[in-house]
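Here's the structure we're looking at; comments come further down.
The values are calculated or read from the model by the stated rules, or taken from the named source; none is laboratory data. Because the structure is a prediction, the values reported are computed rather than measured. With ideal geometry, Cβ positions are generated from the backbone for all residues, glycine too; neighbour counts draw on all protein chains shown. Note: accessible area is taken over every heavy atom of the protein model, side chains too, but ligands, DNA and RNA are not part of it. Shrake-Rupley method; radii C 1.70, N 1.55, O 1.52, S 1.80 Å.
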Amino acid sequence: MKRRSFVRGSAGLAAGGALAGCLGIGGSNSPPPRKSDVFDDVALQGTTLQIQLLSEIEVETRQQNQSNLGGGAIAALLPVGRARAAKGAAGRGTGGYGSAPKHSHHGWAIWHGGAYSDDWRDDHDDELRMADASVATLGVAYLGTDDEYENDAPGPGPGSVSWDETWDDPEPGTDMTADVAALSPGDGVREGWYRVGTELVSADGSTNYGWQAVDMEVDNGLGEPQMDKAWYVKPRV
């Protein structure tokens, strides 16, 4: 594992995150969370967080050639700032965890997901495509207690997250591990919320698609750490 005080790509994130649709603000007229295939699985075994990346990673994006956007267009979208969820983050906005749509494979609740996404995609079908991507940076972090997370949960970007461990350019299909006991303050595994975040870039590295994350609640109530709720936190497409 590598411990770093600086996660690369922050400059590209500002433009790339904005271009990927990170600035959407709730409502049925806003773009839904993007589709993506990044993780084969994220699971907790004892105190070991197991992170399995897919061998083929894809991300949904707009078809517009981002290289054709001039500096003025990019400047108009900045600054991205701190993308925060609405208060009540255990529900990640309205409706609560129980009613949030779930990722079909993993069962993670999808932040900002909802029935409106199909209608939006029908209206914007000619703008969307799936693009091959790779993970430029993978990070893991302890976010805080349940109350801290509920009151001030971070959005998909890394600006308000202090990563405890990061890896640069992990190979597709790689299985990676992190010790959650080493990520949380105090002795043993602290209950609360943890994040696995990924910075995605195009296959040739020329386009930054910004960050997305899996947030998971860890509970010690059954005698050993267990994953409870999990949110898939993605930028809007």
Checklist entry - Does residue 160 meet the test of being not charged (D, E, K, R) and not in a strand (DSSP E or B)? => result yes
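Against the definition (farther than 22 Å from residue 41 by Cα and touching a strand residue (DSSP E or B) at 6+ places or on another chain (Cβ under 6 Å)), how does residue 184 come out, yes or no?
No; evaluated as a whole, the condition is false for this residue.
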Checklist entry - Within segment 212-237, which residues are under 11 Å from residue 59 (Cα atoms) and either open to solvent by 10 Å² or more (accessible area, probe 1.4 Å) or over 17 Å from the mean Cα position of the chain (by Cα) (or both)? => result 234
Next on the checklist: Of everything in segment 115-145, what is open to solvent by 60 Å² or more (accessible area, probe 1.4 Å) and under 17 Å from residue 229 (Cα atoms)? Give them in sequence order.
Outcome noted: none
Checklist entry - Among the residues of segment 146-153, is any among the aromatic types (Phe, Trp, Tyr), touching a residue at least 40 places away in the same chain (Cβ under 8 Å) and in contact with a Ser or Thr (Cβ under 8 Å, 6 or more places away or on another chain)? => result no
